Amino acid sequence: MKKFIPWSQAHFISNEKFHLNKAFDSTWISGGEYVQKFEREFCKYIKSDFALSVNNGTSAIHLAYLALKLKEGDEIIIPSFGYLAAANLALLMNLKPVFADVDLETFCVDLNSIKKKITKKTKLIVVINTYGNVCDLKPILKLAKLKKINVLEDSAESLGSKYYNKNSGTLADIGTFSFQATKTITTGEGGMVITKKNKKFKYLLKLFRNHGIKKTRYMHIVPGHNFRLTNLQASMGYTQIKNFNKIIKDRRNSYDLYKKLLKDEKGFKLQKFDRNVKPIVWTMAIVLDPKFYGKRDIIIKKLLKKGIETRNGFFSTNRLKIFKQFHSKDLKNSDHLSKNLICLPLFNGIKNSEIKYIVKSFLSLRK
Ligand SMILES: Cc1ncc(COP(=O)(O)O)c(C=O)c1O
């Protein structure tokens, strides 16, 4: 039978089914006790005193924008290389996305680029912790404090990663997470928002999550959304966060094997993680040198023929048609990554033999 290795695959290692059935049997399938249980366990793991579950990672960012009371014309600095949720929402809310460039090796937003993009209208800086990395937040937070600008850490791809021993998502004013099917823990669709901001802000997050209802049913005091996570989904999240150490161990082993097999090989560069970062790598990102590999999209096709599904990196967001009016010429690194980055399969449960086959196939395509 022909081998097929998906780029990502959901993998359940614990008693998810037991808790899912329990939630199902309880007949509480919208809200229910697992929602609070998941939020509590998440707080415990991440070491935060506040976590609010939502129906996906995009809603987590949306909720933060609403609670920050961002209004038309407010500027948000967003890296041009990274998943586009933060930028998309800015467009949707008539905010102005201002794109900053990223570092070629870490794929993290570049401090100097942020400095150039700050204006009097800047209300928020979004940092995206891409592929499990954690950006160098200390200088960014220092700058933001000086300028009185909030920072949101989009940690959808970096749950469990650490920066100076602190959890990704807990460093900035607001942290957001996604539990979509390919993420390190999954609830199918789902997300979480955490914050270090004050009580009023936490209250606003809760308010906008639930149609703007303060307390009394059907008494809506602001226009809000329904961003709630279901009890069924929360039961899966609860189980996985409780067993997160097993998941981490598995992912670390897979990443270490990739690293070992790719060490000393030329023609590409692996994503770089700074000394102070202890990553839980989300996907095996590799920047190809075109001299050795030619066009990235051809490599993707050739690997697929060998039964290996891979992914291209993100398109440089500012170059997408929908962001035409926010295009900027000084985003060269984002452009380079957008053309030359490939993501090899790395997921909970991938077998060592599969990784060996992927690496052998990948190296065989080098000129
Ligand atoms: C960095 C990043 N931010 C936000 C999101 C949005 O999350 P979701 O798909 O759960 O809405 C994702 C994932 O898809 C992501 O990778």
Along the charge dipole of the range 1-113, pointing to its positive end and built from +1/-1 on Cβ of Lys, Arg, Asp and Glu, which listed residue (Val54, Ala87, Ala67) has its Cα farthest out?
Val54
Expressed in angstrom and ordered largest first, the alpha-carbon extents of the range 16-242 along the principal axes are 55, 40, 26
Only sites in a loop by DSSP and with at most 15 other Cβ atoms within 10 Å count here; which GluC sites (Glu not before Pro) in the range 14-83 make the cut?
Glu72
How large is Rg/Rh for the range 245-364, to two decimals, with Cα atoms and a Kirkwood Rh?
1.00
Amide N proximity, the range 7-21 versus Arg252 label position 7 Å along Cα-to-Cβ, cut-off under 14 Å:
none
Here the relative contact order (percent) of the chain, from C-alpha pairs under 8 Å and at least 6 apart, is 24
Relative to a virtual label point 7 Å from the Cα of Thr119 in the Cα→beta-carbon direction, which members of the range 299-332 show backbone nitrogen distances below 15 Å?
325-329
For the residues Thr187, Thr230, Thr119, what sequence is obtained by ranking on other C-beta atoms within 10 Å, fewest first?
Thr119, Thr230, Thr187
Give me the net charge of Lys199's neighbourhood, meaning all other residues with Cβ under 13 Å from the Cβ of Lys199; Lys, Arg count +1, Asp, Glu -1.
+4
With +1 on each Lys and Arg Cβ and -1 on each Asp and Glu Cβ, and nothing else charged, work out how big the dipole of the chain is about its Cα centre, in Debye to the nearest 20.
460
Which residues make up the longest stretch of the chain clear of chymotrypsin sites (Phe, Trp or Tyr not before Pro) that lie in a DSSP loop with no more than 14 other Cβ atoms within 10 Å, not counting the sites?
5-163
Potential lengthening between Lys166 and Asp330 on full extension [0.36 nm per residue; Cα-Cα distance subtracted]:
55.8 nm
Could you work out how much longer the chain between Arg366 and Asn94 gets when fully extended? Use 0.36 nm per residue separation minus the Cα distance between them, nm to one decimal.
93.4 nm
Filter Lys166/Lys263; Lys116/Lys142; Lys44/Lys242; Lys116/Lys269 down to the pairs with a C-alpha to C-alpha distance above 19 Å, please.
Lys166/Lys263; Lys116/Lys269
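So for the chain: antiparallel DSSP bridges make up what percent, rounded to the nearest 5?
60
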Suppose the chain between Ile213 and Trp28 were pulled fully straight at 0.36 nm per residue; how much longer would it get relative to their current alpha carbon spacing?
64.6 nm
So, in nm, how far is label Lys272 from label Lys200 when the simple model puts each one 7 Å beyond its Cα toward the Cβ?
4.3
Computed D for the range 60-176, Stokes-Einstein, Kirkwood radius over alpha-carbon pairs, 4 °C, 1.567 mPa s, to the nearest µm² per second, is 94
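Each reported figure results from applying straightforward, stated rules to the coordinates on display, with no laboratory input. Computed from a prediction, not measured in an experiment: that's the story for all the values here. Every residue, glycine among them, receives a Cβ derived from its backbone with ideal geometry; neighbour counts consider all protein chains shown.
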